[in-house]
Every structure is written in structure tokens, then in C-alpha cells.
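Accompanying notes for the structure given below.
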Amino acid sequence: MLPSSLTQFLVPLLDYFAYTSEPPAPAPVPPRLQFELRHEHAVTPDAHVYFSDVSPLRAQAHGALAVSTRSVRTHRPAFNASRRFWKDVDLMSLGWDGDEVQGPDIEQRETLLTLAKMTNNAYFEPGETGWYDLSGNWSTHKPVGWEPDADGFRGYIFATPDNSTVVLSIKGTSAAVIGGGGPTTKKDKLNDNLLFSCCCARVDWTWTTVCGCYRGGWKCDQDCLEQSLIDDSLFYPTGTNLYNNLTYMYPDSNIWIIGHSLGGSLASLLGVTFGIPVVAFEAPGEKMAAQRLHLPSPPSTQHVTHVYHTADPIPMGTCNGVLSSCALGGYALESQCHLGEVILYDTVSNLSWAVDVRTHTIVNVIEKLLSVPWAPAEEVGRQVPEARPQEDCVDCFSWDFGNYTNATRGLS
């Protein structure tokens with residue numbers, strides 16, 4: 001027991017601090033953003049970018065879609081990142097600009113669901129069957145650059161009412177083998193076979209390659225591959241042009257990029273180029289394409305998030321081989337390694353889904369995965385599986401890439 005004199009001294013002192021000390025300030029809550037449809041975008045065969053406005057009054061009158069955010073650390077090159085080819089740039093000596101930006105809270109199921117619906121809508125015109133009515137009936141109109149025979153890079157732009165954040169949604173592959181079709185099918189397939197095949201879609205001797213880099217056996221000319229990806233008519237250079245147009249329209253906005261399949265891989269490539277948050281759904285592995293494009297390799301790519309499931313052979317890198325569904329459709333999707341982090345839904349083990357290319361559609365992800373709670377995540381106190389980087393991933397290990405400029409092309 002303390003002496004009475006000491007007790008008389010301590011009690012008033014403790015009371016003083018109890019009443020005068022301020023409680024700790026609560027941690028700031030990341031804002032929830034309200035998005036509205038703002039523009040459609042398309043790129044013509046001659047690489048011109050067109051934007052078609054959606055009436056802001058009509059869009060705002062029907063409400064908005066809410067997306068939770070979180071602070072994301074991004075890195076962008078400390079120099080102009082608008083170039084198309086980085087091979088001759090000494091990136092290590094130029095350094096990086098780090099920044100904390102508000103990105104999508106990828107740990108929230110509702111956030112992924114809303115972004116997936118935005119991504120789905122890149123395949124359709126407002127009001128068309130298949131369009132998700134996110135917040136009322138969007139106005140129907142005749143779009144610019146979306147005429148029935150337009151075959152280029154397509155998508156939509158969503159923005160908050162104050163333009164603080166803008167989301168660029170990129171359309172993926174339109175093909176009957178994975179649901180859909182349309183005028184972009186031929187150019188979609190060309191980009192798929194250039195970006196995600198080991199060597200110009202050389203699957204076997206029966207295939208017509210999409211570039212002239214095959215050198216016989218398992219040899220492929222590396223310089224030739226790199227040059228084949230930067231033609232003006234291809235989607236990565238077109239995407240950099242589109243992004244630069246978008247930053248001109250919204251110079252003070254925080255920009256995110258989202259996409260499905262081919263669109264998701266393009267979103268990731270642009271996100272690494274410009275250091276901006278990305279969410280990609282069911283995208284083929286794009287890490288090999290990033291290396292061939294000599295894209296900047298920042299200290300961290302955790303601002304890029306891939307979402308896919310184990311029953312989809314395309315992002316898993318198993319839709320390959322002469323007898324695969326992809327090959328039978330004319331697609332050489334041979335890559336499996338992704339940039340950034342992966343939220344992987346194990347639908348094979350937990351839902352007994354069969355591995356099938358038909359599970360690749362974004363509608364399947366929306367309706368069967370993100371619209372309902374994911375029990376394995378909830379069991380550990382999460383809403384979605386934990387985002388993790390891929391480890392020990394290697395693409396095209398059986399191929400030999402080098403300088404074969406003097407070798408005969410196209411040998412079997």
C-alpha cells in the first residue's frame with residue numbers, strides 16, 4: 001500500500017492527465033468515389049483517337065456508382081514516359097518519382113464488382129443487350145468512332161462529378177471462341193498472338209506466323225520480336241496515344257485503368273509505363289510483353305492488380321498446345337507470368353469448376369464470383385483472396401531467344 005502522502009499527490013496528478021490529454025485522432029477514412037459515364041473512346045485504323053461525350057446532365061440525373069479507395073504507392077519514370085520503345089534508354093540512371101495516390105480498394109468485393117461491370121461495358125454500347133445498368137438508364141446516342149465497321153481500340157471513360165478521378169475501361173478480345181465477335185475480332189487476334197505467344201504464334205508448322213521472327217527449331221530473333229510490337233497500328237502504341245489524350249483532357253485528375261482479357265493486359269502495360277493504378281480481369285500473362293517492349297521496371301508494381309480464377313486456362317497459361325481450345329480458335333496464348341499482384345480465386349478446388357475456356361468471360365466473373373461472398377476469404381476475415389505477386393514464373397522456357405539476323409527465316 002502506498003503511503004497516504006504519496007497517494008494524495010498521485011491521484012490529483014492522474015486525474016489531471018486523464019482530463020487534459022486529448023484522445024488520439026482517428027485514422028483518416030479513404031473516400032468513396034462516385035463515378036458517372038463521361039466518354040466513349042475508339043481508335044480508327046489510321047490510329048486517330050476519337051472521344052464521344054455522354055451527356056453529363058443525363059448521367060448525373062441517374063445517379064452514380066460508388067467505389068471504395070485506398071492509398072496506393074506508385075512509381076513513374078522521372079522523365080517523359082510517352083515514348084513507345086525503351087530499349088535505348090538507361091532507365092536505372094534516370095530514377096523514379098514515387099507518389100501516394102488514391103487507388104481502388106481491391107480488398108473490397110463491391111469495389112471489384114463495380115470495376116468489373118465497368119470493364120464489361122467496354123464491349124457494348126449503352127442500352128445494348130449485355131450492358132450493365134450501373135446507375136440508371138444511360139442515354140443512348142450515335143457514338144463517334146464506334147460505327148459498325150470500326151475495328152480499333154475501344155472502351156469507355158468514367159469520371160467522378162468533380163473530375164478528381166477518371167477510369168479508362170479498355171475492351172478485350174471479341175471472339176466467338178470466348179464469347180462475342182464483331183469488327184475488332186481480326187485486330188484483337190493479331191494483338192493477342194503478338195503479345196502472348198512465344199514467337200509470332202509459331203505453334204507448329206501448320207500455323208501462319210504473325211511476324212517474321214521465327215528462325216527454325218526453337219529459335220526466335222529477339223530484336224525482331226521487340227520491333228514487331230511497336231507498329232503504330234498495334235494496341236500498345238495506340239494505348240499510349242490514348243492515355244496522352246486523356247491526360248490532356250483531364251490534366252489534374254487521378255487516372256485508373258481497367259480491362260478484361262486483352263484489355264486487362266493492355267491496362268497493365270500502360271499502368272507500368274505511366275505509374276497509375278490498374279485492375280485487370282482474366283488477363284493473359286503480360287510480363288513477357290513488357291520485357292520485349294523494354295517497359296520501365298519500377299521498384300514496385302503493386303499498383304497493378306490482376307483478378308482471375310483457376311478454371312480459366314487463359315490467365316493460368318494453360319490454354320496452349322496444338323489441341324487446346326485457344327489454338328483451335330487460332331490463338332497462341334502461351335504466356336502465364338503477370339506483373340504486379342494477383343487475386344486468385346481457386347474455383348477448381350472450392351467450387352469444383354472444370355477448366356474450360358468458356359469460364360473466361362467477364363460476365364462469368366461478375367455473376368458467379370464477385371456478386372456473392374467468397375467463403376474461403378471470409379473464413380480468414382477477408383472479402384476477397386489476398387493479393388500476392390507471382391513467384392518462380394517463367395515464360396517460354398523451351399525457346400532460345402537471341403540475335404539470329406543471318407539465319408534463314410521460317411524453317412520447320
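None of Gly239, Gly216, Gly180 is at positive phi and at pLDDT 85 or above except Gly216. Within the stretch 261-311, being modelled with pLDDT under 95 and aromatic (Phe, Trp, Tyr) holds for one residue alone: Phe274. Remark: Tyr404 falls outside the filter, which requires a residue to be touching a residue at least 24 places away in the same chain (Cβ under 8 Å) and out of contact with any strand residue (DSSP E or B) (no Cβ under 8 Å at 6 or more places or on another chain).
Residues in the stretch 284-301 that are in contact (Cβ under 8 Å) with a residue 60 or more places away in the chain and either of a type in the set (Gly, Ala, Ser) or closer than 17 Å to Thr111 by Cα (or both): Gly285, Ala289, Ser297, Ser300.
Within the set of pairs 6 or more residues apart or between chains, which connect a residue that is without any contact (Cβ under 8 Å) to a residue 40 or more places away in the chain inside the stretch 337-350 to a residue that is part of a helix (DSSP H, G or I) and surrounded by fewer than 21 Cβ atoms within 10 Å (Cβ to Cβ) with Cβ atoms less than 8 Å apart? What qualifies is Asp346/Pro376; Asn350/Ala375; Asn350/Pro376. Of all residues in the stretch 240-270, those being surrounded by 24 or more Cβ atoms within 10 Å (Cβ to Cβ), small (Gly, Ala, Ser) and either more than 12 Å from the chain's Cα centre (by Cα) or assigned to a helix (DSSP H, G or I) (or both) number 5.
For the stretch 315-324, a residue qualifies if it is in a helix (DSSP H, G or I) and surrounded by fewer than 20 Cβ atoms within 10 Å (Cβ to Cβ), and exactly one does: Met316. Which members of the stretch 199-230 meet the condition of being part of a loop (DSSP other than H, G, I, E, B) and in contact with a Leu (Cβ under 9 Å, 6 or more places away or on another chain)? Across the stretch 199-230, the qualifying residues are Cys199, Cys200, Ala201, Val210, Cys211, Cys213, Arg215, Gly216, Gly217, Leu229, Ile230. Restricting the first member to the stretch 242-271 and to residues that are closer than 17 Å to Ala122 by Cα, and the second to residues that are among the hydroxyl-bearing types (Ser, Thr, Tyr) and part of a strand (DSSP E or B), the beta-carbon pairs closer than 6 Å and six or more apart or on different chains are Ile258/Ser169. Residues in the stretch 271-287 that are crowded, with 24+ Cβ neighbours inside 10 Å and among the hydrophobic types (A, V, I, L, M, F, W, C): Val272, Ile276, Val278, Val279, Ala280, Phe281, Ala283. If you check Thr361 against the conditions, is it among the polar types (S, T, N, Q) and surrounded by 13 or more Cβ atoms within 10 Å (Cβ to Cβ)? Yes.
Restricting attention to the stretch 326-339, the residues that are crowded, with 19+ Cβ neighbours inside 10 Å and not in a loop (DSSP other than H, G, I, E, B) add up to 2. When the residues of the stretch 340-386 are filtered to those that are small (Gly, Ala, Ser) and part of a loop (DSSP other than H, G, I, E, B), the one that is farthest from Thr273 (Cα to Cα) is Ser352.
The values are calculated or read from the model by the stated rules, or taken from the named source; none is laboratory data. All values reported here derive from a predicted model rather than from experimental measurement. Here the Cβ is made from the backbone with ideal geometry for all residues, glycine too, and neighbour counts use every protein chain on show.
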